[in-house]
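Structure, as structure tokens:
The values are calculated or read from the model by the stated rules, or taken from the named source; none is laboratory data. Computed from a prediction, not measured in an experiment: that's the story for all the values here. Using ideal geometry, Cβ is built from the backbone for each residue, glycine included, and neighbour counts are taken over all protein chains shown.
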Amino acid sequence: MKSAKEALSALQEGNQRFVSGVRSLQTELSQLNRQDLVEAQHPFAVIIGCSDSRVPVEIIFDQGVGDLFVIRVAGNIVAPSQIGSVEFAAEQFGTRLVVVLGHTHCGAVRATLNHLQQPAKHSENIGSIVKRIRPAVEGILAVDPQLSNEALAQQAIRANVRMSAQTLRQGSEILEKLIQHDGMLVVGAEYSLDTGKVDFFDGISVTG
């Protein structure tokens, strides 16, 4: 199994290939190895990404079948079910890298901004997503209420990623122990819909 640092490098290299429009032969052939994965899997990274159809996780990292344990939910929020899924991957497969992946032009973050500026009724279920994103957005508004909507959205997307990553670092006794004693790394990243590039911006300094 790859270490957290090795896994991060693999994702960065894969994204570089995606941006360049090149896929590795290993990725192309991975679907032919389905039978090898019937009895066991060994994903080298866990990705908590947004459900947005424009952010296909395996594709933007140029990874194949069995490489990534992907959890997708609107707004890449972290609720107990997401934490439990990460714990499962960490304990069952030995995966030591967790990436919270946000993206530019995130509809869930924009919906939260709109709700704060012009409160509207949502279903209880949609409201639960807005409720989890809201603290990140409110913090930015409190610091600089004069930000333009575009600047606010850009900062809110990253703030939401940071908040989700921090929830994982501090919201699970299992994950806390793995971070402290077994080399687990939880990082935050943002995918650009415009360029295809993934910017790892939170939690990566400890890899040096």
Every residue from the range 176-202 that is surrounded by fewer than 22 Cβ atoms within 10 Å (Cβ to Cβ), touching a residue at least 12 places away in the same chain (Cβ under 8 Å) and not in a strand (DSSP E or B)
ASP182, GLY183, SER192, LEU193, ASP194, THR195, GLY196, LYS197
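Here is a list: SER192, SER164, SER128, SER123. Which entry is of a type in the set (Ser, Thr, Tyr) and touching an Asp or Glu at 6+ places or on another chain (Cβ under 9 Å)? Even if it seems obvious, please write down each step before you answer.
Values: SER164 fails: touching an Asp or Glu at 6+ places or on another chain (Cβ under 9 Å); SER128 fails: touching an Asp or Glu at 6+ places or on another chain (Cβ under 9 Å); SER123 fails: touching an Asp or Glu at 6+ places or on another chain (Cβ under 9 Å).
Exactly one residue qualifies, and that residue is SER192.
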Pick from GLY107, GLY102, GLY127: which is surrounded by fewer than 19 Cβ atoms within 10 Å (Cβ to Cβ), closer than 13 Å to CYS50 by Cβ and either modelled with pLDDT of 85 or more or under 19 Å from the mean Cα position of the chain (by Cα) (or both)?
GLY107
Can you tell me which of (1) at pLDDT 95 or above; (2) more than 17 Å from ALA165 (Cα to Cα); (3) of a type in the set (Ser, Thr, Tyr) is the one THR95 doesn't meet?
(2)
Scanning the range 19-53 for residues that are modelled with pLDDT of 95 or more, surrounded by 12 or more Cβ atoms within 10 Å (Cβ to Cβ), assigned to a loop (DSSP other than H, G, I, E, B) and not hydrophobic (A, V, I, L, M, F, W, C) gives PRO43, SER51, ASP52
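With in contact with a Pro (Cβ under 7 Å, 6 or more places away or on another chain) and not aromatic (Phe, Trp, Tyr) as the only criterion, which of GLY21, GLY66, GLY84, GLY75 stands out? Can you show your working first?
Working: GLY21 fails: in contact with a Pro (Cβ under 7 Å, 6 or more places away or on another chain); GLY84 fails: in contact with a Pro (Cβ under 7 Å, 6 or more places away or on another chain); GLY75 fails: in contact with a Pro (Cβ under 7 Å, 6 or more places away or on another chain).
Of the residues listed, the single one that is in contact with a Pro (Cβ under 7 Å, 6 or more places away or on another chain) and not aromatic (Phe, Trp, Tyr) is GLY66.
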